[in-house]
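Trainee: Please find one structure pasted underneath; my questions will follow.
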Amino acid sequence: MLPEHRRKRIGERMLQRLFEVAEVMGGQWLTLEVRVSNLPAQRLYEKYGFRRAGVRRRYYSDNNEDALIMWTEKIRDRAVQDRLAELRKALGE
Ligand SMILES: CC(C)(COP(=O)(O)OP(=O)(O)OC[C@H]1O[C@@H](n2cnc3c(N)ncnc32)[C@H](O)[C@@H]1OP(=O)(O)O)[C@@H](O)C(=O)NCCC(=O)NCCS
């Protein structure tokens, strides 16, 4: 995302849609990789309940940076759904 479009809750709205699509498709968890240096993205994912589960060493071939592997809890769990609803409300959705 271009820097001038950041911090406008676009990332959050995309994640909200991702959880919805995953649920409709019958997914149970979400997982992703993120650069260890990308703290803004990590904060976003943590806000949505992703937790660190491991590291892929030298995952990014452009600079050999490590990737953090992050996973959610089961997306149908009550706690996860409650959190998503609370965050949706804060987004005004
Ligand atoms: C990471 C990225 C997707 C976040 O999207 P965004 O639309 O800017 O973020 P949002 O406005 O939805 O922010 C939601 C939350 O993300 C976190 N966050 C986003 N930018 C942050 C920053 N610069 N510093 C700290 N936390 C940040 C915060 O937890 C924030 O919630 P808060 O405002 O209640 O603290 C966006 O900055 C981006 O496109 N970055 C460049 C590309 C990239 O890193 N992609 C992800 C690759 S894994």
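Trainee: Compute the long axis of helix 78-90 from its Cα atoms, compare it with the longest principal axis of the Cα atoms of the chain, and write down the angle in degrees, 0 to 90, nearest 10.
Mentor: With rounding to tens, the tilt is 90 degrees.
Trainee: Quick one: pull the percentage of alpha-carbon pairs in the chain with a separation above 17 Å.
Mentor: 54 percent
Trainee: Any lysines with Cα under 20 Å of the K8 Cα? List them, leaving off those in the same chain fewer than 8 positions away.
Mentor: List returned: K47, K89.
Trainee: Oh, and also: Got a sec to turn the phi values of segment 2-18 into Karplus ³J(HN,Hα) couplings, 6.51 cos²θ - 1.76 cosθ + 1.60 with θ = phi - 60°, whole Hz, x for Gly and Pro?
Mentor: My calculation for segment 2-18 gives 4, x, 5, 9, 7, 6, 10, 6, 5, x, 4, 5, 5, 5, 4, 5, 4 Hz in order.
Trainee: Also, quick follow-up: Using the Karplus equation 6.51 cos²θ - 1.76 cosθ + 1.60 (θ = phi - 60°), what ³J(HN,Hα) coupling, rounded to whole Hz, does each residue of segment 50-58 give in order, writing x for Gly and Pro?
Mentor: Once θ is set to phi - 60°, the couplings for segment 50-58 become 6, 10, 5, 10, x, 9, 9, 5, 6 Hz.
Trainee: Let me ask another. List the residues, sorted by chain then number, that are 5 or more residues from V55 or on another chain and whose placed amide H is less than 5 Å from its amide H.
Mentor: Under 5 Å from the amide H of V55: I69.
Trainee: Still on this model: Summing -39500 (n - 2.57) over the DSSP H runs of n ≥ 4 in the chain and dividing by its residue number, what mean residue ellipticity at 222 nm do you reach, to the nearest 500 deg cm²/dmol?
Mentor: When only DSSP H runs of four or more count, the value is -12500 deg cm²/dmol.
Trainee: Considering amide H positions built from the backbone, and no H for Pro or chain starts, which residues 5 or more places from D66, or on another chain, come under 5 Å of its amide H?
Mentor: Sorted by chain and number, the residues that satisfy this are V36, R58, Y59.
Rule-based calculations on the coordinates, nothing more; no lab input. All figures in this text were calculated on a predicted structure; none of them were measured in a lab.
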